[in-house]
């Protein structure tokens, strides 16, 4: 079989196996080992363990379970619920105040969890019933909840950015710094939209009742400090230590995990039941991620040994594609893949394949990493198959229809696409903060 056909056949078999519903990690590993033994010989089996151990020895990847633990402990300790209630009452006097509180808390939870599913489910459970009870529009409420929940994809410390840094060989701290401005832009334009909608249609996000606000006035300052000071200080400590160069992302993640336990202890929520739940969930998510990583390592090794990377570079060069057109195709493929498979699988399957081409073009990998993160964030929010929409529908009351969620998120999808275009044509937005802090 010719060298040109073999890597293509290998890739097609993997994709077909995934479409048939086989588990991603075992498909990647199983098909790779099968092709490796047939076409590369048994020596391939002696190379693979060294590659896997090389990946597993990556110090940066230790940050993944630590950040997951931090986010889950935030959820179980009741900090997220207290943040939302306090924020809602703080902005309760103005129309749209509840939606603004959802946005800000969503951004804060994104900074603490970095996991879309956890953030969207938490926001849906805590905020959607309250917003519907206050008479807010179903369509607009689901839209802002889903959009706020996906902010965790881009606002650091994001699990996506940790994985992208590992695959693209870009410092994770630089990716965190580069993501701050795009994330801030998204929060700002969401905020502006809420204000405009509340001005044009006051009934969409009505103000809270005076009785609720009167109860809040008693001990107002203490409630605000209690709700914001400790979790805000922890997030600042984690990100600040990374940005200042005091700690690596892994060390900062350890501080965050330990700090989240201290906060849970202060809230009197650090018991064996919650600790067992958080540890079990962290182990499950981390094991899934690393099993996929192991399979993806085997996939990358076989694909390269079959000269698939060289074939891809030659194909692009013969087609005379520019870097811009190549990136457009990659972003489109990643966007569509986001409808079908999880971000971990996308990063470990697609990104290693395109990495040699990006190096050949001498592309700014920091810029490419942020483009991929924002692109995935948009994919997870886009109807009809966005993962965030399924998460929200799963915890929404029966009165909420799927079509309500679809209509609600469309304006936010458009805004995310505009931000994606903005950072595509103005890369300085991404490089500004890393260069400033350096």
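Some points to look at:
- Here the condition is being at pLDDT 80 or above, over 15 Å from residue 74 (Cβ atoms) and crowded, with 16+ Cβ neighbours inside 10 Å; of 197, 246, it holds for 197 alone.
- Some residue of region 53-63 being under 30 Å from the mean Cα position of the chain (by Cα), crowded, with 22+ Cβ neighbours inside 10 Å and assigned to a helix (DSSP H, G or I): yes
- When 353, 341 are checked against the criterion of being part of a loop (DSSP other than H, G, I, E, B), out of contact with any helix residue (DSSP H, G or I) (no Cβ under 6 Å at 6 or more places or on another chain) and at negative phi, 341 stands alone in meeting it.
- From the options 149, 143, residue that is part of a helix (DSSP H, G or I), crowded, with 24+ Cβ neighbours inside 10 Å and modelled with pLDDT under 90: 149
- Hey, residue 322 farther than 26 Å from residue 352 by Cβ and surrounded by fewer than 19 Cβ atoms within 10 Å (Cβ to Cβ) or not: no
- Residue satisfying condition, being under 25 Å from residue 376 (Cα atoms), surrounded by fewer than 18 Cβ atoms within 10 Å (Cβ to Cβ) and touching a helix residue (DSSP H, G or I) at 6+ places or on another chain (Cβ under 8 Å), within set 237, 327, 336: 336
- Yes/no for residue 310 being outside any helix (DSSP H, G or I) and farther than 19 Å from residue 52 by Cα: no
- Test result for residue 260, under 23 Å from the mean Cα position of the chain (by Cα), assigned to a helix (DSSP H, G or I) and exposed (fewer than 13 other Cβ atoms within 10 Å of the Cβ): no
- Helices (runs of 4 or more DSSP H) completely within region 357-431 that count 1 or more residues being without any contact (Cβ under 8 Å) to a residue 24 or more places away in the chain and either under 20 Å from the mean Cα position of the chain (by Cα) or exposed (fewer than 15 other Cβ atoms within 10 Å of the Cβ) (or both): 387-395, 402-425
The values are calculated or read from the model by the stated rules, or taken from the named source; none is laboratory data. Just so we're clear, the structure is a prediction, and the values are computed from it rather than from any experiment. Virtual Cβ from ideal backbone geometry, glycine too; neighbours counted across all protein chains shown.
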